[in-house]
Every structure is written in C-alpha cells, then in structure tokens.
Amino acid sequence: MNKYLLMLLASALSLPAGQTLAQQTLTYAKKNIEVVIPKNPGGGTDTSARTLIEYTKDRLPKGVIFVPVNKPAGNGITGLIEVAKARPDGYKLVMTTVELAMFPYQNKSPVTWRDFTPLVTTIADPVSIVVKADAGYDTLADFIHAAGQQPGKLKVGNSGMGAIYHLAAVNIEKTTGTKFNHIPYNEGTGPSIAALVGGHIDAVLTTPGAVKSQVDAGILRVLAVMDEKRFELFPQVPTIKEALQLDVNVKMRAWAVLATTAKVPAEISEQLVNTFAEVVNTPAYQDAVRKQGIMPVTIVGEDALKMMREDDEMYKQLIADTLKK
C-alpha cells in the first residue's frame with residue numbers, strides 16, 4: 001500500500017470521535033500560498049488546479065488562502081522558471097505538465113523535474129488512438145495492419161509536431177515498425193478531432209476524455225490506450241500491450257502535477273503531500289473532477305516523482321530518436 005495512504009489511515013484512526021480529516025491544516029503556512037498555473041484559464045490544467053485548491057482551502061490556517069495565478073507566457077516556461085528559482089519555503093506552488101519532460105530535450109526550457117518537489121497529480125490521462133467508427137478498423141491490430149500495407153499513407157492527426165500526441169504516434173511507429181503521415185493541428189486537439197470527424201484524416205492521438213461525446217454518439221472509436229492498465233472512462237478499451245499482444249507496456253500519459261520548489265524543507269513538503277493525499281482520496285473531490293471530465297488519480301509525493309522521472313527518460317530517448325530521422 002502507498003505509504004501516504006498508510007499515513008492517512010493512521011491519522012484517521014487516531015482522530016477523536018466526531019472529528020474529521022478536514023479539520024487538519026497546513027500549519028507551516030503563515031501567509032497566502034501562490035499557485036502558479038502556466039496555462040490559459042479554462043483548460044484541464046487550470047480547472048484541475050482550481051478544483052484541488054478549492055477542496056483543500058479548509059486545511060489552511062485561518063486567514064490564509066491559496067492564490068491561483070495564470071502565467072501562460074512562453075508556453076508556460078516563464079511560470080515554471082519563476083517557481084524553480086523561488087525561495088524553497090512552500091509559498092509558491094506550480095502546476096507542472098508533461099511538457100516538463102519534453103521541453104528540455106527540444107531546447108525550449110532550462111528547467112526539468114529536478115528543479116521541483118512534486119506534491120500531487122491532478123491529471124494522468126493516457127494517450128489513446130482514435131478512429132472513425134465506420135472506418136473499418138475494429139481493433140488496433142486492424143489499423144496497424146493497414147498502416148503496414150501502405151507506409152506513410154494513413155494520416156494521423158496531432159496537436160503540433162514535437163508535442164505529446166505527435167511523439168505518441170512516433171512511439172507507436174517505433175513499437176510496431178510502421179510509418180504514418182503526421183498531420184499537425186497547431187491550434188490544439190479540438191481541430192484535430194474535428195478533422196477526424198470530417199473524414200480529413202484517418203486517426204487522431206488524444207486523451208480518451210476529449211472524444212467521449214463522439215464515442216458515446218457512435219461517431220468515433222477508441223482503439224487502445226497507452227498505459228499499463230485500462231482507463232476507467234472506457235474500461236472495454238484495451239491497452240496497446242493487450243491489443244497488439246506485446247511483451248511490454250507502451251505508456252504515454254498527459255499528466256499535470258502540482259509541485260513546489262526543489263529542496264523545500266521536509267517538514268513542509270510532508271505537510272503538503274499528506275494534505276493533498278487526503279483531499280484527492282475524498283469522494284467529494286473525486287466527484288467534482290469527474291463532473292469536469294477528469295478522471296481522479298491518487299498519485300502523490302514519491303509516486304509522482306517516479307512518474308516524472310520515468311517520463312523524462314522516455315522522452316529524452318524518444319526525442320533523440322525523432323531528431324535522427
């Protein structure tokens with residue numbers, strides 16, 4: 001069992017009758033805590049951050065609040081650098097995203113996971129492979145077979161060359177020995193999904209939640225997810241390992257992790273990790289994020305660090321392989 005869940009259970013058992021975990025506070029905080037969100041308002045990262053601090057605010061001492069601030073400048077790198085260079089006192093937090101594992105190897109950012117202390121994951125959705133429901137591809141094996149028969153012909157949409165969904169498609173090529181025609185939609189995933197619905201491309205790489213309404217309507221089909229386990233939103237959809245009968249998992253997740261500056265004192269990081277662990281395990285919080293189309297996750301502290309470190313290594317190699325082509 002995760003050590004943070006064990007600590008949570010122990011603290012719950014030690015509480016007096018009638019007292020709830022919500023009474024606990026982040027006792028180190030003597031002033032407001034700034035939460036830097038290096039994305040524009042309204043997106044998944046922004047929404048998940050604001051939901052988390054809304055359900056955590058009663059853990060703070062009286063008179064202390066979280067102050068969310070959107071700082072999307074420079075693809076969010078400005079906000080990341082600000083927190084990376086901040087005093088390690090727990091008064092500046094930042095929403096890091098999967099791009100933290102990519103940008104350093106694309107010469108876009110000087111900061112890496114080493115510059116932060118990960119606290120809690122708010123999003124960890126797997127990348128999925130999506131096609132039109134009437135395209136004739138009932139399984140991922142069908143799609144990969146078709147790609148093998150016509151190398152470089154099947155058009156696979158992404159949200160920009162070098163971004164997560166393009167690199168996910170490259171990873172599938174690398175795993176299966178196939179070749180796609182990569183079609184970038186730099187405006188984001190919305191236009192790439194619209195292009196698939198309109199029949200302009202053959203597939204798209206995105207998160208399952210982004211296509212739920214079209215899948216529910218019978219317009220699109222999710223062929224597989226890039227994770228070690230099936231995704232709660234579509235439990236009938238296999239992983240790539242299952243779909244292609246591979247020996248290894250093929251994992252790529254669009255994650256967002258709330259972090260603070262590296263080298264923050266242990267007593268502060270432990271308060272933050274333990275408090276956020278309590279919050280993300282509450283039914284109220286989990287119901288709230290589900291209503292926003294986000295599947296709740298309970299990856300905190302050292303587990304979040306492990307995920308960030310593994311992805312950093314994976315993207316380092318994947319981007320290097322891509323640049324060789």
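Assorted remarks:
- Within straight-line reach of K57, meaning a Cα separation under 15 Å, sit the following aspartates and glutamates at least 8 residues removed in sequence or on another chain: E34, E278.
- Only beta bridges with both residues in the chain are counted; by DSSP, about 60 percent of them are antiparallel.
- Alpha carbon centroid spacing (whole Å) that separates the range 131-196 from the range 227-258: 16
- Note on T298 and M314: the model spin-label points, each 7 Å out from Cα along the C-beta direction, lie 2.2 nm apart.
- Rounded to the nearest 0.05, the FRET efficiency derived from the C-beta distance between R87 and I219 at R0 = 56 Å is 0.65.
- Heavy-atom accessible area order for R253, R114, R230, largest first, 1.4 Å probe: R114, R230, R253
- Cα gyration tensor shape for the range 128-244, rounded if a/c is under 1.5, else prolate or oblate: rounded
- Solvent-accessible surface ranking, highest first, for S48, S213 at 1.4 angstrom: S213, S48
- Pairs of Lys in the range 128-244 closer than 15 Å at Cα, counting only those 8 or more apart or on different chains: 6
- Tilt relative to the chain, helix 44-56 - C-alpha long axis, 0 to 90 degrees, to 10: 20
- Placing a label point 7 Å from the Cα of H145 along the Cα-to-Cβ direction, the residues of the range 229-245 whose backbone N falls under 18 Å from that point are 238, 240-245.
- Label selected from [x] 20.5, 67; [y] 25.2, 101; [z] 22.2, 75, the criterion being Rg and Dmax of the Cα atoms in Å as computed here: [x]
- With Cα atoms, 0 to 90° folded angle of helix 301-324 axis to the chain main axis: 30
The values are calculated or read from the model by the stated rules, or taken from the named source; none is laboratory data. Everything numeric in this text was worked out from a predicted model, so none of it was measured. Ideal geometry is used to build each Cβ from the backbone, glycine not excepted, and the neighbour counts take in all protein chains shown. Accessible surface is based on the protein model in full, side chains and every heavy atom, while ligands, DNA and RNA are left aside. Shrake-Rupley method; radii C 1.70, N 1.55, O 1.52, S 1.80 Å.
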